[in-house]
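One structure below.
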């Protein structure tokens with residue numbers, strides 16, 4: 001006997017590739033533009049001077065996974081300690097210098113990505129103000145890697161990150177660390 005399962009609820013929340021999903025623009029605002037994960041992927045694979053930069057912490061990058069084509073440059077580091085709310089994080093004071101070591105503000109376009117889109121907005125601001133990137137060459141990837149949470153308490157997906165994002169759009173990702181794309185280990 002063959003059993004066929006059809007999961008229509010996944011399509012309803014925008015998890016299937018090529019299904020439209022409206023990404024909310026972050027209220028705080030940021031310099032540069034906004035792209036969906038599919039737009040980011042298409043830009044980065046079509047032009048050798050367009051790069052996706054994963055700004056999440058190393059544990060997120062390694063344990064949750066990351067786009068196969070993303071460079072890892074954390075905007076914050078995990079301290080290894082738990083904070084009052086969430087995890088202890090400290091700002092990467094060398095973020096601007098780290099960007100300039102790998103990329104050129106005169107020729108390269110950067111698309112910043114985090115978990116769901118907040119730290120990537122901060123990264124666009126830092127790239128413009130501290131690293132000299134023109135605002136027409138920096139983007140926030142809306143929905144980030146994991147997407148947004150379902151806020152409807154009646155949904156079976158309540159609290160789950162299934163709305164948009166790189167993984168939910170079915171774009172290529174991995175747990176494998178590529179040394180050419182990874183953030184360098186501390187000395």
I'd like to know if segment 170-181 contains one or more residues that are more than 17 Å from the chain's Cα centre (by Cα) and over 17 Å from residue 61 (Cα atoms).
no
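Residues that are out of contact with any helix residue (DSSP H, G or I) (no Cβ under 6 Å at 6 or more places or on another chain), free of Cβ contacts under 8 Å to residues at least 40 places away in the same chain and surrounded by fewer than 22 Cβ atoms within 10 Å (Cβ to Cβ), at least 1 per element: which strands (runs of 3 or more DSSP E) completely within segment 47-163 meet that? Let's see the steps before the verdict.
Values: elements: 50-54, 76-82, 87-91, 109-113, 138-141, 161-163.
Result: 76-82, 87-91.
Only the coordinates and a few stated rules stand behind these numbers; no lab work does. Small disclaimer: the values here were computed from a predicted structure and weren't measured. Because the Cβ atoms are built from the backbone with ideal geometry, glycine has one as well, and the counts that use them run over all protein chains shown.
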